[in-house]
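First up is the structure itself, then whatever we jot down about it.
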Amino acid sequence: MTHPVIIAGGGIGGLATAIGLANKGIASLVLEKAPQLGEIGAGIQLGPNAFHAFDYLGVGEAARSIAVYIDSLRLMDALSGDEITRIPLDDAFRAHFRNPYAVIHRGDLHGIFLKACADHPLVSLRTSSEVVAYDQDGETVTAILKSGERLTGRLLVGADGLWSNIRQQLVGDGAPRVSGHTTYRSVIPTEDMPEDLRWNAATLWAGPKCHIVHYPLKGWKVFNLVVTYHNDAPSPEAGVPVSHDEVRKGFEHVNPVARQIIDRGRDWKRWVLCDRDPVQNWIDGRVVLLGDAAHPMMQYFAQGACMAMEDAVALSAMLERHGEDPGTALGAYQDLRRLRTARVQLQSREIGQHVYHPAGAHADLRNAVMRAKSPADWYQAVGWLYGSTGLEGAVSPETVRPRGLAA
Ligand SMILES: Cc1cc2nc3c(=O)[nH]c(=O)nc-3n(C[C@H](O)[C@H](O)[C@H](O)COP(=O)(O)OP(=O)(O)OC[C@H]3O[C@@H](n4cnc5c(N)ncnc54)[C@H](O)[C@@H]3O)c2cc1C
(Lines give C-alpha, C1' and ligand atoms only; values in the text may rest on other atoms or scores of the structure.)
Protein backbone atom coordinates (compact mmCIF):
# COMPACT_ATOMS: atom_id res chain seq x y z
CA MET A 1 0.00 0.00 0.00
CA THR A 2 1.31 3.50 -0.84
CA HIS A 3 1.40 5.73 2.18
CA PRO A 4 -0.23 9.18 1.92
CA VAL A 5 1.65 12.46 2.03
CA ILE A 6 1.19 13.71 5.60
CA ILE A 7 0.51 17.44 5.88
CA ALA A 8 0.98 18.99 9.32
CA GLY A 9 -1.37 21.99 9.53
CA GLY A 10 -4.84 22.60 8.10
CA GLY A 11 -4.47 26.32 7.41
CA ILE A 12 -4.65 27.88 3.95
CA GLY A 13 -1.23 26.46 2.98
CA GLY A 14 -1.92 22.93 4.21
CA LEU A 15 -5.35 22.64 2.61
CA ALA A 16 -4.19 24.21 -0.67
CA THR A 17 -1.43 21.59 -0.75
CA ALA A 18 -3.85 18.74 -0.07
CA ILE A 19 -6.10 19.76 -2.95
CA GLY A 20 -3.13 20.40 -5.24
CA LEU A 21 -1.85 16.88 -4.56
CA ALA A 22 -5.30 15.31 -4.89
CA ASN A 23 -5.69 16.90 -8.34
CA LYS A 24 -2.50 15.03 -9.31
CA GLY A 25 -3.82 11.73 -7.97
CA ILE A 26 -1.72 11.89 -4.77
CA ALA A 27 -3.43 10.98 -1.49
CA SER A 28 -2.79 13.05 1.63
CA LEU A 29 -3.64 13.11 5.31
CA VAL A 30 -3.99 16.57 6.85
CA LEU A 31 -3.29 16.72 10.59
CA GLU A 32 -4.56 19.87 12.29
CA LYS A 33 -3.73 20.65 15.88
CA ALA A 34 -6.90 22.67 16.63
CA PRO A 35 -10.14 20.86 17.49
CA GLN A 36 -11.78 22.48 14.46
CA LEU A 37 -10.61 23.52 11.01
CA GLY A 38 -11.16 27.23 10.44
CA GLU A 39 -9.74 30.74 10.16
CA ILE A 40 -10.12 33.97 12.11
CA GLY A 41 -12.93 36.31 11.03
CA ALA A 42 -10.85 38.99 9.32
CA GLY A 43 -9.99 39.85 5.74
CA ILE A 44 -7.16 39.09 3.41
CA GLN A 45 -5.92 40.77 0.23
CA LEU A 46 -5.26 38.69 -2.85
CA GLY A 47 -2.89 39.80 -5.58
CA PRO A 48 -3.39 38.49 -9.11
CA ASN A 49 -0.83 35.78 -8.30
CA ALA A 50 -3.32 34.31 -5.81
CA PHE A 51 -5.81 33.90 -8.65
CA HIS A 52 -3.19 32.20 -10.81
CA ALA A 53 -2.82 29.72 -7.92
CA PHE A 54 -6.60 29.33 -7.44
CA ASP A 55 -6.99 28.41 -11.09
CA TYR A 56 -4.18 25.91 -10.94
CA LEU A 57 -5.68 24.35 -7.82
CA GLY A 58 -9.12 24.12 -9.44
CA VAL A 59 -10.91 26.57 -7.12
CA GLY A 60 -10.75 29.69 -9.31
CA GLU A 61 -14.49 29.92 -9.88
CA ALA A 62 -15.35 29.43 -6.22
CA ALA A 63 -12.86 32.13 -5.18
CA ARG A 64 -14.01 34.56 -7.86
CA SER A 65 -17.64 34.16 -6.82
CA ILE A 66 -17.07 35.41 -3.26
CA ALA A 67 -14.19 37.88 -3.60
CA VAL A 68 -14.84 41.62 -3.36
CA TYR A 69 -13.38 43.41 -6.37
CA ILE A 70 -11.97 46.70 -5.18
CA ASP A 71 -11.34 49.55 -7.65
CA SER A 72 -7.97 50.70 -6.38
CA LEU A 73 -5.18 50.53 -3.86
CA ARG A 74 -5.19 53.96 -2.18
CA LEU A 75 -2.26 55.36 -0.24
CA MET A 76 -3.17 58.24 2.07
CA ASP A 77 -0.97 60.48 4.20
CA ALA A 78 -2.19 59.88 7.75
CA LEU A 79 -0.88 63.27 8.95
CA SER A 80 -2.23 65.59 6.26
CA GLY A 81 -5.22 63.45 5.30
CA ASP A 82 -4.27 63.89 1.61
CA GLU A 83 -4.23 61.14 -0.95
CA ILE A 84 -0.66 60.28 -1.95
CA THR A 85 -1.48 57.97 -4.83
CA ARG A 86 -4.06 55.55 -6.15
CA ILE A 87 -3.27 52.45 -8.18
CA PRO A 88 -6.25 51.60 -10.37
CA LEU A 89 -7.21 47.92 -10.39
CA ASP A 90 -9.21 48.38 -13.56
CA ASP A 91 -9.50 46.44 -16.81
CA ALA A 92 -6.01 47.58 -17.83
CA PHE A 93 -4.58 46.13 -14.59
CA ARG A 94 -6.46 42.86 -15.08
CA ALA A 95 -5.41 42.61 -18.69
CA HIS A 96 -1.80 43.27 -17.76
CA PHE A 97 -1.64 40.66 -14.97
CA ARG A 98 -4.29 38.37 -16.48
CA ASN A 99 -6.18 38.31 -13.19
CA PRO A 100 -7.80 40.73 -10.71
CA TYR A 101 -6.70 42.09 -7.34
CA ALA A 102 -9.38 41.41 -4.71
CA VAL A 103 -10.12 41.06 -1.02
CA ILE A 104 -11.85 38.16 0.70
CA HIS A 105 -12.94 37.03 4.14
CA ARG A 106 -10.40 34.57 5.56
CA GLY A 107 -13.09 32.16 6.67
CA ASP A 108 -14.52 32.15 3.15
CA LEU A 109 -11.09 31.54 1.60
CA HIS A 110 -10.30 28.73 4.01
CA GLY A 111 -13.83 27.36 3.46
CA ILE A 112 -13.22 27.08 -0.30
CA PHE A 113 -10.21 24.85 0.27
CA LEU A 114 -11.91 22.94 3.07
CA LYS A 115 -14.90 22.11 0.89
CA ALA A 116 -12.66 21.06 -2.01
CA CYS A 117 -10.67 18.81 0.36
CA ALA A 118 -13.73 17.38 2.11
CA ASP A 119 -15.27 16.54 -1.30
CA HIS A 120 -12.15 14.82 -2.62
CA PRO A 121 -11.70 11.10 -1.91
CA LEU A 122 -7.90 11.44 -1.87
CA VAL A 123 -7.85 13.90 1.06
CA SER A 124 -8.31 12.81 4.69
CA LEU A 125 -8.65 15.43 7.41
CA ARG A 126 -7.99 14.97 11.12
CA THR A 127 -8.33 17.58 13.86
CA SER A 128 -6.91 17.63 17.43
CA SER A 129 -3.75 16.09 15.95
CA GLU A 130 -0.67 18.15 16.72
CA VAL A 131 2.52 16.86 15.11
CA VAL A 132 5.33 17.32 17.59
CA ALA A 133 8.20 15.60 15.78
CA TYR A 134 9.13 13.25 12.95
CA ASP A 135 11.29 10.24 12.31
CA GLN A 136 12.37 8.72 9.00
CA ASP A 137 14.10 5.63 7.64
CA GLY A 138 14.84 6.51 4.00
CA GLU A 139 11.70 4.80 2.68
CA THR A 140 8.97 6.44 4.79
CA VAL A 141 8.52 9.21 7.31
CA THR A 142 6.68 8.99 10.62
CA ALA A 143 4.76 11.91 12.08
CA ILE A 144 4.74 11.74 15.86
CA LEU A 145 1.65 13.26 17.42
CA LYS A 146 1.31 14.91 20.82
CA SER A 147 -0.84 11.95 21.88
CA GLY A 148 2.10 9.64 21.14
CA GLU A 149 0.41 8.19 18.07
CA ARG A 150 2.75 7.55 15.12
CA LEU A 151 1.53 7.89 11.54
CA THR A 152 3.47 6.78 8.49
CA GLY A 153 3.65 8.75 5.25
CA ARG A 154 5.65 8.80 2.05
CA LEU A 155 6.45 12.49 2.74
CA LEU A 156 5.76 14.99 5.51
CA VAL A 157 4.89 18.59 4.64
CA GLY A 158 5.34 21.03 7.52
CA ALA A 159 2.53 23.55 6.86
CA ASP A 160 2.25 24.25 10.56
CA GLY A 161 2.67 28.02 10.49
CA LEU A 162 4.82 30.58 12.27
CA TRP A 163 5.47 28.35 15.31
CA SER A 164 6.14 25.22 13.26
CA ASN A 165 7.29 22.16 15.23
CA ILE A 166 8.51 20.64 11.98
CA ARG A 167 10.73 23.66 11.34
CA GLN A 168 12.08 23.50 14.85
CA GLN A 169 13.35 19.97 14.18
CA LEU A 170 14.39 20.64 10.57
CA VAL A 171 15.99 24.10 10.75
CA GLY A 172 16.30 24.57 14.50
CA ASP A 173 16.47 28.36 14.33
CA GLY A 174 14.57 29.02 17.55
CA ALA A 175 11.70 31.42 18.04
CA PRO A 176 10.64 33.87 15.30
CA ARG A 177 11.93 37.46 15.32
CA VAL A 178 9.60 39.76 17.26
CA SER A 179 9.32 42.93 15.20
CA GLY A 180 8.12 45.35 17.89
CA HIS A 181 5.19 46.26 15.62
CA THR A 182 1.71 45.44 16.88
CA THR A 183 -1.39 44.99 14.73
CA TYR A 184 -4.97 45.36 15.92
CA ARG A 185 -7.88 43.95 13.95
CA SER A 186 -11.60 44.70 13.98
CA VAL A 187 -14.47 43.97 11.58
CA ILE A 188 -17.39 46.41 11.67
CA PRO A 189 -20.77 46.60 9.91
CA THR A 190 -20.56 48.85 6.84
CA GLU A 191 -23.08 51.28 8.35
CA ASP A 192 -20.60 51.93 11.21
CA MET A 193 -17.83 52.94 8.80
CA PRO A 194 -17.64 56.75 8.37
CA GLU A 195 -19.77 57.46 5.32
CA ASP A 196 -17.12 59.54 3.59
CA LEU A 197 -14.62 56.68 3.89
CA ARG A 198 -16.74 53.86 2.48
CA TRP A 199 -14.42 53.49 -0.45
CA ASN A 200 -14.26 50.51 -2.76
CA ALA A 201 -10.52 50.35 -2.22
CA ALA A 202 -7.88 48.73 -0.09
CA THR A 203 -6.91 51.98 1.62
CA LEU A 204 -3.74 52.48 3.61
CA TRP A 205 -3.13 55.59 5.75
CA ALA A 206 0.62 55.85 6.24
CA GLY A 207 1.86 57.75 9.31
CA PRO A 208 4.98 58.00 11.46
CA LYS A 209 5.48 54.57 13.03
CA CYS A 210 1.91 53.56 12.27
CA HIS A 211 -0.58 52.76 9.54
CA ILE A 212 -4.28 52.04 9.11
CA VAL A 213 -5.79 49.73 6.51
CA HIS A 214 -9.47 49.31 5.61
CA TYR A 215 -11.49 47.61 2.91
CA PRO A 216 -14.99 46.20 2.40
CA LEU A 217 -15.68 42.48 2.79
CA LYS A 218 -18.47 39.95 2.46
CA GLY A 219 -20.36 41.64 -0.37
CA TRP A 220 -19.95 45.02 1.35
CA LYS A 221 -21.74 43.91 4.52
CA VAL A 222 -18.69 44.68 6.70
CA PHE A 223 -15.44 46.64 6.71
CA ASN A 224 -12.15 45.09 7.71
CA LEU A 225 -9.94 47.35 9.87
CA VAL A 226 -6.28 46.47 10.43
CA VAL A 227 -4.17 49.06 12.23
CA THR A 228 -0.52 48.82 13.20
CA TYR A 229 1.92 50.81 15.30
CA HIS A 230 5.41 50.41 16.72
CA ASN A 231 5.18 49.80 20.46
CA ASP A 232 8.32 47.71 20.93
CA ALA A 233 6.20 44.81 22.18
CA PRO A 234 8.75 42.34 23.54
CA SER A 235 6.96 39.03 23.08
CA PRO A 236 4.74 37.42 20.45
CA GLU A 237 0.96 37.32 20.84
CA ALA A 238 -1.96 36.44 18.60
CA GLY A 239 -5.61 37.45 18.86
CA VAL A 240 -5.61 38.92 22.39
CA PRO A 241 -8.70 41.10 23.11
CA VAL A 242 -7.70 44.67 24.04
CA SER A 243 -9.31 47.96 25.10
CA HIS A 244 -10.16 50.73 22.68
CA ASP A 245 -7.77 53.02 24.55
CA GLU A 246 -4.81 50.78 23.83
CA VAL A 247 -5.48 50.99 20.10
CA ARG A 248 -6.16 54.75 20.20
CA LYS A 249 -2.82 55.38 21.93
CA GLY A 250 -0.86 54.59 18.77
CA PHE A 251 -2.80 57.02 16.59
CA GLU A 252 -3.07 60.19 18.67
CA HIS A 253 -0.73 61.98 16.26
CA VAL A 254 -2.68 61.25 13.04
CA ASN A 255 -5.23 63.35 11.18
CA PRO A 256 -8.77 63.33 12.74
CA VAL A 257 -10.23 61.89 9.54
CA ALA A 258 -7.96 58.86 9.85
CA ARG A 259 -8.35 58.71 13.61
CA GLN A 260 -12.13 58.40 13.44
CA ILE A 261 -11.59 54.94 11.88
CA ILE A 262 -10.03 53.79 15.15
CA ASP A 263 -13.02 55.10 17.08
CA ARG A 264 -15.41 53.13 14.91
CA GLY A 265 -13.65 49.82 15.57
CA ARG A 266 -15.02 47.40 18.14
CA ASP A 267 -13.83 44.21 19.81
CA TRP A 268 -10.24 44.98 18.86
CA LYS A 269 -7.78 42.11 19.04
CA ARG A 270 -3.99 42.33 19.16
CA TRP A 271 -1.23 40.52 17.23
CA VAL A 272 2.45 41.18 17.88
CA LEU A 273 4.02 40.75 14.46
CA CYS A 274 6.85 38.29 13.89
CA ASP A 275 8.85 37.11 10.91
CA ARG A 276 12.12 35.34 10.19
CA ASP A 277 15.13 35.81 7.99
CA PRO A 278 15.08 33.64 4.86
CA VAL A 279 16.97 30.35 5.22
CA GLN A 280 18.66 28.23 2.58
CA ASN A 281 17.17 24.85 3.31
CA TRP A 282 13.60 23.65 3.91
CA ILE A 283 14.24 19.94 3.30
CA ASP A 284 15.30 17.01 5.46
CA GLY A 285 15.04 13.74 3.52
CA ARG A 286 11.30 13.19 3.06
CA VAL A 287 10.29 16.24 5.08
CA VAL A 288 9.71 19.71 3.64
CA LEU A 289 8.41 23.09 4.84
CA LEU A 290 5.70 25.19 3.21
CA GLY A 291 3.90 28.51 3.83
CA ASP A 292 4.61 30.41 7.04
CA ALA A 293 6.55 27.45 8.40
CA ALA A 294 9.08 27.97 5.59
CA HIS A 295 9.05 31.75 5.13
CA PRO A 296 7.05 33.73 7.72
CA MET A 297 6.83 37.40 6.76
CA MET A 298 5.41 40.71 7.90
CA GLN A 299 1.99 41.27 6.30
CA TYR A 300 3.03 44.57 4.67
CA PHE A 301 3.08 43.14 1.14
CA ALA A 302 -0.20 41.27 1.83
CA GLN A 303 1.41 38.14 0.39
CA GLY A 304 1.87 35.48 3.12
CA ALA A 305 -1.19 33.44 2.18
CA CYS A 306 -0.59 34.10 -1.53
CA MET A 307 2.93 32.66 -1.13
CA ALA A 308 1.59 29.64 0.77
CA MET A 309 -0.82 28.92 -2.11
CA GLU A 310 1.95 29.34 -4.67
CA ASP A 311 4.03 26.88 -2.64
CA ALA A 312 1.14 24.41 -2.88
CA VAL A 313 1.08 24.83 -6.67
CA ALA A 314 4.83 24.33 -6.99
CA LEU A 315 4.98 21.33 -4.65
CA SER A 316 2.13 19.51 -6.39
CA ALA A 317 3.59 20.28 -9.84
CA MET A 318 7.02 18.99 -8.82
CA LEU A 319 5.64 15.85 -7.15
CA GLU A 320 3.65 15.08 -10.27
CA ARG A 321 6.72 15.57 -12.42
CA HIS A 322 9.24 13.71 -10.25
CA GLY A 323 6.84 11.46 -8.32
CA GLU A 324 9.10 8.42 -8.40
CA ASP A 325 11.98 10.41 -6.97
CA PRO A 326 10.87 12.43 -3.93
CA GLY A 327 14.34 13.87 -3.34
CA THR A 328 14.39 15.46 -6.78
CA ALA A 329 10.79 16.64 -6.42
CA LEU A 330 11.42 18.36 -3.09
CA GLY A 331 14.66 19.88 -4.35
CA ALA A 332 12.92 21.23 -7.46
CA TYR A 333 10.13 22.67 -5.28
CA GLN A 334 12.62 24.42 -3.03
CA ASP A 335 14.56 25.76 -6.04
CA LEU A 336 11.36 27.25 -7.42
CA ARG A 337 10.24 28.83 -4.19
CA ARG A 338 13.20 29.84 -2.05
CA LEU A 339 14.38 33.07 -3.65
CA ARG A 340 10.93 34.30 -4.66
CA THR A 341 9.65 33.94 -1.09
CA ALA A 342 12.89 35.40 0.35
CA ARG A 343 12.35 38.47 -1.81
CA VAL A 344 8.81 38.90 -0.47
CA GLN A 345 9.99 38.33 3.14
CA LEU A 346 12.70 40.98 2.89
CA GLN A 347 10.71 43.48 0.86
CA SER A 348 7.80 43.21 3.31
CA ARG A 349 10.09 44.57 6.03
CA GLU A 350 11.36 47.30 3.73
CA ILE A 351 7.87 48.45 2.78
CA GLY A 352 7.12 48.95 6.47
CA GLN A 353 10.24 51.03 6.94
CA HIS A 354 10.27 53.08 3.75
CA VAL A 355 6.63 53.36 2.68
CA TYR A 356 4.23 52.78 5.56
CA HIS A 357 5.98 54.20 8.62
CA PRO A 358 8.45 56.99 7.78
CA ALA A 359 8.27 60.50 9.24
CA GLY A 360 9.51 63.98 8.31
CA ALA A 361 11.71 64.31 5.23
CA HIS A 362 11.61 60.55 4.71
CA ALA A 363 7.81 60.73 4.45
CA ASP A 364 7.99 63.76 2.12
CA LEU A 365 10.33 61.80 -0.11
CA ARG A 366 7.97 58.82 -0.07
CA ASN A 367 5.09 61.06 -1.11
CA ALA A 368 7.08 62.61 -3.94
CA VAL A 369 8.30 59.24 -5.23
CA MET A 370 4.88 57.63 -5.01
CA ARG A 371 3.11 60.55 -6.68
CA ALA A 372 5.51 60.48 -9.62
CA LYS A 373 4.64 56.89 -10.54
CA SER A 374 2.26 56.16 -13.42
CA PRO A 375 0.18 52.95 -13.60
CA ALA A 376 2.80 51.63 -16.05
CA ASP A 377 5.50 52.26 -13.43
CA TRP A 378 3.47 50.31 -10.87
CA TYR A 379 2.94 47.42 -13.26
CA GLN A 380 6.66 47.24 -13.80
CA ALA A 381 7.46 47.46 -10.09
CA VAL A 382 5.21 44.54 -9.13
CA GLY A 383 5.47 42.57 -12.38
CA TRP A 384 7.85 40.00 -10.85
CA LEU A 385 5.27 39.27 -8.17
CA TYR A 386 1.78 39.63 -9.64
CA GLY A 387 2.61 38.57 -13.18
CA SER A 388 4.23 35.30 -12.20
CA THR A 389 3.12 31.87 -11.07
CA GLY A 390 6.58 31.26 -9.69
CA LEU A 391 6.86 28.24 -12.02
CA GLU A 392 8.06 29.83 -15.24
CA GLY A 393 11.14 28.43 -16.82
CA ALA A 394 11.27 25.45 -14.48
CA VAL A 395 9.23 22.89 -16.33
CA SER A 396 7.49 22.67 -19.65
CA PRO A 397 4.70 25.27 -19.76
CA GLU A 398 2.18 22.64 -20.91
CA THR A 399 2.68 20.74 -17.67
CA VAL A 400 2.22 23.55 -15.23
CA ARG A 401 0.40 26.43 -16.86
CA PRO A 402 -2.58 27.35 -14.67
CA ARG A 403 -5.89 27.07 -16.44
CA GLY A 404 -6.62 30.79 -16.20
CA LEU A 405 -3.39 31.77 -17.92
CA ALA A 406 -2.87 32.28 -21.58
CA ALA A 407 0.34 31.14 -23.24
C1 LIG B 1 -2.36 41.01 10.38
C2 LIG B 1 -2.08 40.10 9.22
C3 LIG B 1 -2.59 40.40 7.96
C4 LIG B 1 -2.30 39.57 6.87
N5 LIG B 1 -2.78 39.91 5.63
C6 LIG B 1 -2.50 39.12 4.58
C7 LIG B 1 -2.99 39.47 3.28
O8 LIG B 1 -3.69 40.48 3.12
N9 LIG B 1 -2.68 38.65 2.22
C10 LIG B 1 -1.92 37.52 2.39
O11 LIG B 1 -1.69 36.80 1.40
N12 LIG B 1 -1.44 37.18 3.61
C13 LIG B 1 -1.71 37.94 4.70
N14 LIG B 1 -1.24 37.59 5.93
C15 LIG B 1 -0.38 36.38 6.08
C16 LIG B 1 -1.21 35.09 6.13
O17 LIG B 1 -2.19 35.17 7.13
C18 LIG B 1 -0.29 33.90 6.42
O19 LIG B 1 0.88 33.99 5.65
C20 LIG B 1 -1.00 32.59 6.07
O21 LIG B 1 -2.12 32.43 6.89
C22 LIG B 1 -0.04 31.41 6.25
O23 LIG B 1 -0.73 30.21 6.02
P24 LIG B 1 -0.13 28.82 6.54
O25 LIG B 1 -1.15 27.80 6.18
O26 LIG B 1 1.25 28.68 6.07
O27 LIG B 1 -0.04 28.98 8.11
P28 LIG B 1 -1.20 29.18 9.18
O29 LIG B 1 -2.30 30.00 8.65
O30 LIG B 1 -0.54 29.65 10.44
O31 LIG B 1 -1.77 27.71 9.41
C32 LIG B 1 -1.07 26.76 10.16
C33 LIG B 1 -2.06 25.73 10.66
O34 LIG B 1 -1.36 24.69 11.29
C35 LIG B 1 -1.90 24.40 12.55
N36 LIG B 1 -0.78 23.89 13.35
C37 LIG B 1 0.19 24.60 13.95
N38 LIG B 1 1.11 23.78 14.48
C39 LIG B 1 0.70 22.52 14.19
C40 LIG B 1 1.26 21.24 14.44
N41 LIG B 1 2.43 21.11 15.05
N42 LIG B 1 0.59 20.15 14.01
C43 LIG B 1 -0.59 20.27 13.34
N44 LIG B 1 -1.16 21.47 13.09
C45 LIG B 1 -0.51 22.57 13.49
C46 LIG B 1 -2.49 25.71 13.02
O47 LIG B 1 -3.50 25.51 13.99
C48 LIG B 1 -3.02 26.28 11.70
O49 LIG B 1 -4.31 25.79 11.42
C50 LIG B 1 -1.50 38.40 7.05
C51 LIG B 1 -1.00 38.09 8.33
C52 LIG B 1 -1.29 38.92 9.39
C53 LIG B 1 -0.73 38.57 10.74
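The values are calculated or read from the model by the stated rules, or taken from the named source; none is laboratory data. Only a predicted model underlies this, so the values are computations on that prediction, with no experimental measurement involved. A quick note on method: Cβ atoms are made from the backbone with ideal geometry, for glycine too, and the neighbour counts reach across all protein chains shown. The area values use the complete protein model at the heavy-atom level, side chains included, leaving out ligands, DNA and RNA. Shrake-Rupley method; radii C 1.70, N 1.55, O 1.52, S 1.80 Å.
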Legend entry - Shape parameters for the chain, alpha-carbon atoms, Rg then Dmax in Å: 21.0, 66
Legend entry - Carbon plus sulfur fraction of accessible area for the chain, probe 1.4 Å, in percent: 50 percent
Legend entry - Whole-number D in µm²/s for the range 1-82 (Stokes-Einstein; Kirkwood sum over Cα pairs; 20 °C, 1.002 mPa s): 138 µm²/s
Legend entry - Bins of 10 Å, starting at 0 and running to the largest distance - Cα pair percent for the range 147-245: 12, 30, 26, 20, 11, 1
Inset, instruction - Hey, can you find the accessible area per residue of the chain for me, probe 1.4 Å, expressed in square angstrom? - result: 40 Å²
Inset, instruction - On the full set of protein chains, 1.4 Å probe, figure out the accessible area of Thr152 and give it in Å² to the nearest 10. - result: 60 Å²
Inset, instruction - List, in the order given, every pair from Lys146/Lys218; Lys209/Lys373; Lys33/Lys269 whose Cα-Cα distance in the structure shown is over 29 Å. - result: Lys146/Lys218
Legend entry - Candidate residues His253, His105: accessible-area rank, largest first, probe 1.4 Å: His253, His105
Legend entry - Mean separation of Cα contacts under 8 Å (6+ apart) over length of the range 266-384, as relative contact order %: 26 percent
Legend entry - For Gly43, net neighbour charge (Lys/Arg +1, Asp/Glu -1) across residues whose Cβ lies under 14 Å away: +3
Legend entry - Length released on extending from Asp267 to Trp163, taking residue separation times 0.36 nm less the Cα-Cα span: 34.9 nm
Inset, instruction - Would you kindly find the accessible area of Asp232, with a 1.4 Å probe and non-protein molecules such as ligands, DNA and RNA excluded, rounding to the nearest 10 Å²? - result: 130 Å²
Inset, instruction - Calculate, axis by axis, the spread of Cα positions in the range 26-185 along the three principal axes, and write the results as whole Å, longest axis first. - result: 59, 40, 29
Legend entry - Simple Cβ-charge dipole of the range 197-257, Lys/Arg +1 and Asp/Glu -1, about Cα centre, in debye nearest 20: 360 debye
Inset, instruction - Treat every Asp and Glu Cβ in the chain as -1 and every Lys and Arg Cβ as +1, leave all other atoms uncharged, and give the resulting dipole magnitude about the Cα centre to the nearest 20 debye. - result: 220 debye
Legend entry - Accessible area (Å², 1.4 Å probe, nearest 10) - Ser147: 90 Å²
Inset, instruction - Work out how much length His244 to Asp277 would gain on full extension: take 0.36 nm times their residue separation and subtract the Cα-Cα distance, in nm to one decimal. - result: 8.6 nm
Legend entry - Arg126/His3 FRET efficiency (R0 22 Å; Cβ-Cβ; nearest 0.05): 0.90
Legend entry - Length added when fully stretched, Ala133-Glu195, from 0.36 nm per residue minus Cα-Cα: 17.2 nm
Inset, instruction - Go through the range 221-285 and name the GluC sites (Glu not before Pro) that are in a DSSP coil and have 14 or fewer other Cβ atoms within 10 Å of their Cβ. - result: Glu252
Legend entry - Estimated distance in nm for a label pair at Lys24 and His362, the labels positioned 7 Å out from Cα along Cα-to-Cβ: 4.3 nm
Inset, instruction - Using only Cα atoms, tell me the angle between helix 375-386 and the longest principal axis of the chain; keep it within 0 to 90° and round to the nearest 10. - result: 30 degrees
Inset, instruction - Output the antiparallel fraction of DSSP beta bridges having both residues in the chain, as a percent to the nearest 5. - result: 70 percent
Legend entry - Relative contact order for the chain, counting Cα pairs under 8 Å that sit 6 or more residues apart, in percent: 21 percent
Inset, instruction - Pull up the DSSP beta bridges for the range 6-111 and report the antiparallel fraction as a percent, rounded to 5. - result: 75 percent
